[in-house]
Amino acid sequence: MKTTTHNIDIITDLETPDSESINTPNLDLPTSDIELRSPNTIVHMDLDTFFVSCERLLEPKLNGKPVLVGGTSDRGVVSACSYEARQFGVHSAMPMRMARQLCPEAIVIRGNSAIYSKYSDMVTDIIKEESPVYEKSSIDEFYIDITGMDRFHGSYKWATELRQRIMQETHLPISFGMSTSKTVSKVGTGEAKPNGQINVLRGLEKAFLAPLSIKKIPMVGDKTYQKFRSMGIEKIQTVQEMPLELMERVFGKNGVIIWKKANGIDNSPVIPFHERKSISSSLTFEKDTIDVRKLKEILTTMAEKLAFYLRNGDKLTSIVTVTVRYSDFDTRSRQMRIAYTANDHTLIATVMRLFDQLYQRRVMARLVGVRFSGLVGGGYQINLFEDSERTIKLYQAMDKVRNRFGQGAVKRAVTMDTKGVGQMSNPFNGQAPIIPAHRRS
Ligand SMILES: [Mg+2]
């Protein structure tokens, strides 16, 4: 039977970009306004060499040795490396071949996202239990807003105890930075690592940042750093002393944000985890259908598109939900927890499995929908090893074509005749797709 398909609406309730992303919100307030506000207390926690630490829990022989996690072939890329390997000049996002040359004795491990998801969830559960408001910004990174806690309990003591509890219960090393803002706390964590903690007292933010390299400001990537270097600028202090107008002239809008961050001015809020949860797609048929093949094709297209959005936004999902509304308006949903992923084949298979379990009544369907929730950032790293190199290359090539020519340009054979799918480049920031910056945690 024939079904007319309307545009598939892509809905995202993830409107707030990451603190690292280019268009960080809430930074355009005048300084005086921020100073009038009561000071915030923000803790940033980051698991140390997370993938390596997980591997070491499973294989203690890896302790103290240089370890690389990532694509194991010569053409693979390093997703994570131990401090022992970093001494040889190895860093994440480096080609595996180069890393092996720099550190021939390194033990190379192909990553396992299911294991890392499990440990990530264990840490999340503890933070969730203890914290008033927390944001999970990636698989191994958290921001916690404990503003106002000082009245009842010392904030630094609280954060110290939380860190101790995480280490005791999970045996994973974790570091934290505490300050009045997300930016300063994140930089603080970087300085506290490995296995440390730091408290940047209110009023000392600028002094703390001043001697550090401008590379330590979260949004300064390689390109921006090179531009600073070409201007002879290395330390944050130099940026602090530069006129704001000059920064704007040289770096545009981002220059203003970098200048504010360099001066410890960052009023971006901690986004509660449950608020940055999902991306979904649903379709109401003009004419109800009982054609299972057609329904599966539509669901496949939805899963494919949503997965593409996840990859473009450097996000991973951990919960898949499928919804079917029957012609009598009886609406059924089924969901499944999975290891963090943004890959089509895993997500399509999960969607198909859920649909098979769900579509039991032999009644016409009026609507079908797919939702990916439990989202976290940092997808780029995991996708480096989750699949064979061939699959990764395929996705990268397909995504590149989609970004250039529109999403209709590439389709799986099964979805070839599904038309009228809505277009959006990156629903996470409403802008052109961004190439995720490599994290160096
Ligand atoms: Mg980390």
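The values are calculated or read from the model by the stated rules, or taken from the named source; none is laboratory data. Everything numeric here is computed off the predicted structure, so don't read it as measured data. Glycine gets a Cβ as well: all are built from the backbone with ideal geometry, and neighbour counts include every protein chain shown.
I need the strands (runs of 3 or more DSSP E) fully contained in segment 105-176, keeping only those with at least 3 residues that are among the hydroxyl-bearing types (S, T, Y). Show your work before the answer.
Values: elements: 107-109, 133-138, 141-145.
Here the list reads 133-138.
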L394 is checked against (1) at pLDDT below 90; (2) closer than 30 Å to Y134 by Cα and fails just one. What number does that condition carry?
-> (2)
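Check E135, E169 and return the single one that is surrounded by fewer than 23 Cβ atoms within 10 Å (Cβ to Cβ) and touching a residue at least 24 places away in the same chain (Cβ under 8 Å). Don't jump to the end; show me each part of the working.
Numbers: E135 fails: surrounded by fewer than 23 Cβ atoms within 10 Å (Cβ to Cβ).
Of E135, E169, the one residue that is surrounded by fewer than 23 Cβ atoms within 10 Å (Cβ to Cβ) and touching a residue at least 24 places away in the same chain (Cβ under 8 Å) is E169.
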Only one of these is within 24 Å of the chain's Cα centre (by Cα), under 25 Å from K277 (Cα atoms), more than 15 Å from the ligand (Cβ to nearest atom) and not assigned by TED's automatic domain parsing to the domain that holds R311: E130, E141. Name it.
-> E130
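Could you tell me which residue of segment 44-75 is farthest from the ligand (Cβ to nearest atom), considering only residues that are of a type in the set (G, A, S) and surrounded by fewer than 22 Cβ atoms within 10 Å (Cβ to Cβ)?
If we filter segment 44-75 for residues that are of a type in the set (G, A, S), which is where we start, we get 53, 64, 70-71, 73.
Add one more test, that the residue is surrounded by fewer than 22 Cβ atoms within 10 Å (Cβ to Cβ), and what stays is 64, 73.
Values: G64: 19, S73: 24 Å.
Within segment 44-75, the match that is farthest from the ligand (Cβ to nearest atom) is S73.
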